Amino acid sequence: MNASTGGEPASTVTLFDRDPGAALKHHFGFEAFRPLQEQIVADVLAGRDLFALLPTGGGKSLCYQLPAVMRPGLTMVVSPLIALMKDQVDGLRTAGIPATFLNSSLGYADVRRRMEGLARGEYRLLYVAPERLRTPDFYERLAEWGLARIAIDEAHCISEWGHDFRPEYRTLAELRRRYPAIPIAALTATATGRVRDDVIAQLGLRAPHVYVASFDRPNLTYRVTPKLRAPEALVRFVRERERESGIVYCATRRTTEAAAGRLCAAGIPAAAYHAGLEPGTRARVQERFVRDDVRVICATIAFGMGIDKPNVRYVVHYDLPKNVEGYYQETGRAGRDGLPSDCLLFFSAGDIAKQQHFIDEKPEPERSLARAQLTQMTRFAQSGECRRRSLLAYFGETYPAGPCGACDNCLEPRARVDATTDAYKLLSCVVRAREASGFGFGLHHLVDVLLGHETDRMWRFGHDRLSTYGIGKDRPRAGWLALGNDLLRQGLLESEGAHNTLALTPEGRGVLAERRSVEVTSAPPTPARRGSTPTGGGAPKGDGSYDVTLFERLRTLRRRIADERDVPAYVIFPDTTLRAIAHDLPRTLGALRRIGGVGDKKLAEFGQAFVEAVAAYAEDAAAPTAP
């Protein structure tokens, strides 16, 4: 049985049951915990229920993997992500930790073999999909296998208030009833306060300790650029990062195919991924991306949750996301290893209209929430404020004053321009429409009034007779929408009710009454060639110096070892470890062990090959060159 399948149990792991720090270094090769990890691990070891919200790349998995090898018994991990299960098991087994998974990708013989191993107590971790818990005798088997701990990954999926609600997760409420004495850890990378409370209630967590890490991803740079000549701009952006892996998110299947085709025509290895592909084709595309055979995936949002690839260096949103939560989670798939990475969003008013069309096709109860979420996403895209501060504010976190130094609005601040006349027109239109009809209207209808559009709603409400009808024809629709959102951010307008109708605030009424001037942020610059990360595989900004040539040699060695074992390259060592090797140039196993990510099992299996590669490179560099 191949090592990547998890079919043959690994050898027994030595328990480091008193010192989590020693266990961390022995099994995973890290000298220190990331924020909150140590406290969460301590709670799991103590048998407490807990809820942990750690951003993507924050090390959620280690919070239940480390206790699993420090204490006897089986840790069951519930995850909706079949591909991620395999990657996690590959990584654990490479580190010498016995783990396996049960899901629909396995045949009957494989399932039976793994269950027999579970019955013999040969595994420390078992990954299952939530559907497995519907199997009639599965709960009884868990008890026989010595179930000791339960971890619920992607826990936000249990809440209908979340952006990725999955009905099959509702069955997890049965776990508390079946196993009242077994501790449950719920973990996720994204959840608002409302979702957090719902998850705790749905899972029946008892007096759980709640951990909420900062949502800030300091290694990510956020940019929004007008969607002008987007196909050419995309090719240029990817070419500047030709040695790096990236994901391009698109709204439709057709767009994924077109974007991938454009990149391939430019000589860039790319592939499309969407729900319309055959399951086998999707699996092959994902596998090629994980193995670095394809550098760029152009995908719908169906792609990414099951990817544990830490060296995705950029995420591009070719189309406007539906909501801020989805945008945050998707951008979070870049730079999971903590190295500098880029997030680019192409934005146009046309994308707003497309999303509104999708919303109109939803059942009425879902439309109001979807419209509110789209409005928040639009305001983020049009904002002239710090992107990082806006994102964190959405999740209830305050970012310190001053520029973040890693978003377009802080790196290239836009000028403030006088918009007094147009602001008066829009504010007056809000007042006139409300006075004429007795209730408020949304921004899009008010912009239709200013542009003098002839619509059914215009005739129905008599708004073609308003004094503001048609007075804004000299400004494009996108400009009016941007102005409206800017006035909302400044507090001159406020959004009311489920339909986001607009009303003047006291400050807005004062501006009109006193004829005060109004300034807004200028439009963002059009796409331009830039070099936030060097082309040709050089060290990204802020990453410190390391030998790029040696790094590439080490990547080649890593790829060869990974192919021999049929696992993704990052399972052997992540890029962060290779860069540290290329910086420190360790010539002995002892020196290599001091590098982060080099645990004892990997040191024994791969260490000699890597120190020999460093030594050979040093000898080549020292050799005299021919005259």
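Taking the protein heavy atoms of the chain in the context of the full set of protein chains, the accessible area attributed to carbon and sulfur is 52 percent at 1.4 Å.
Distance cut-off 30 Å, Cα to Cα: go down the list 86/354; 60/362; 25/322; 227/473; 309/602 and report the pairs above it. From the list (86/354; 60/362; 25/322; 227/473; 309/602), the Cα-Cα distance tops 30 Å for 86/354; 60/362; 25/322. As a rough guide to protection, the peptides 147-160, 221-234 ranked by mean Cβ packing within 10 Å, highest first, stand as 147-160, 221-234. Working from Cα pairs under 8 Å separated by at least six residues, relative contact order for segment 420-520 is 32 percent. Listed values (i) 1.01; (ii) 1.06; (iii) 1.04 include one computed from this model; for Rg/Rh (Cα atoms, Kirkwood Rh) that value carries the label (i). Cross-link partners among aspartates and glutamates for residue 601, C-alpha distance below 19 Å, same-chain residues fewer than 8 apart left out? Cross-link targets: 8, 17, 19, 31, 87, 90, 122, 563, 564, 566, 575, 612.
Compared with the direct C-alpha span, the chain from residue 559 to residue 615 gains 18.3 nm at full extension, assuming 0.36 nm per residue. Using R0 = 25 Å, the C-beta based FRET efficiency linking residue 415 and residue 228 works out to 0.80. Is the shape of segment 326-443 best called rounded, prolate or oblate, per the rule: a/c under 1.5 gives rounded, else a/b larger than b/c gives prolate, else oblate, with a ≥ b ≥ c the square roots of the Cα gyration tensor eigenvalues? Verdict is oblate for segment 326-443.
A protection proxy built from the mean count of other Cβ atoms within 10 Å ranks the segments 125-138, 323-336, most packed first, as 323-336, 125-138. For segment 382-458, what relative contact order do you get, as a whole percent, if you take Cα pairs closer than 8 Å and at least 6 residues apart? In percent, rounded to a whole number, it is 21. Protection proxy ranking, highest mean first, for peptides 182-188, 172-178: 182-188, 172-178, where packing is the per-residue count of other beta-carbon atoms within 10 Å, averaged. Out of 275, 437, 334, whose Cα points farthest toward the positive end of the dipole of the chain (charges: +1 Lys, Arg; -1 Asp, Glu; placed on Cβ)? Positive-most Cα among the choices belongs to 437. About its Cα centre, the dipole of segment 235-275 is roughly 100 debye, where the only charges are +1 on Lys and Arg Cβ and -1 on Asp and Glu Cβ.
Report, to the nearest 10°, how far helix 230-239 tilts away from the longest principal axis of the Cα atoms in the chain, using its own Cα long axis and a range of 0 to 90°. Helix 230-239 sits at roughly 30 degrees to that axis. Taking the helices alone, the chain has a mean residue ellipticity at 222 nm of -13500 deg cm²/dmol, built from -39,500 (n - 2.57) per DSSP H run of at least 4 residues and averaged over all its residues. Counted by Cβ distance under 12 Å from residue 308, the other residues give a net charge of +1, where Lys and Arg count +1 and Asp and Glu count -1. Computed over segment 83-237, relative contact order equals 17 percent, with contacts defined as Cα pairs under 8 Å that lie 6+ residues apart. Computed with a 1.4 Å probe over protein heavy atoms only, the accessible surface of the chain comes to 41 Å² per residue.
The values are calculated or read from the model by the stated rules, or taken from the named source; none is laboratory data. From a predicted model like this one, the values you see are computed outputs, not experimental measurements. Every residue, glycine among them, receives a Cβ derived from its backbone with ideal geometry; neighbour counts consider all protein chains shown. Accessible surface areas use protein heavy atoms only, side chains included; no ligands, DNA or RNA. Shrake-Rupley method; radii C 1.70, N 1.55, O 1.52, S 1.80 Å.
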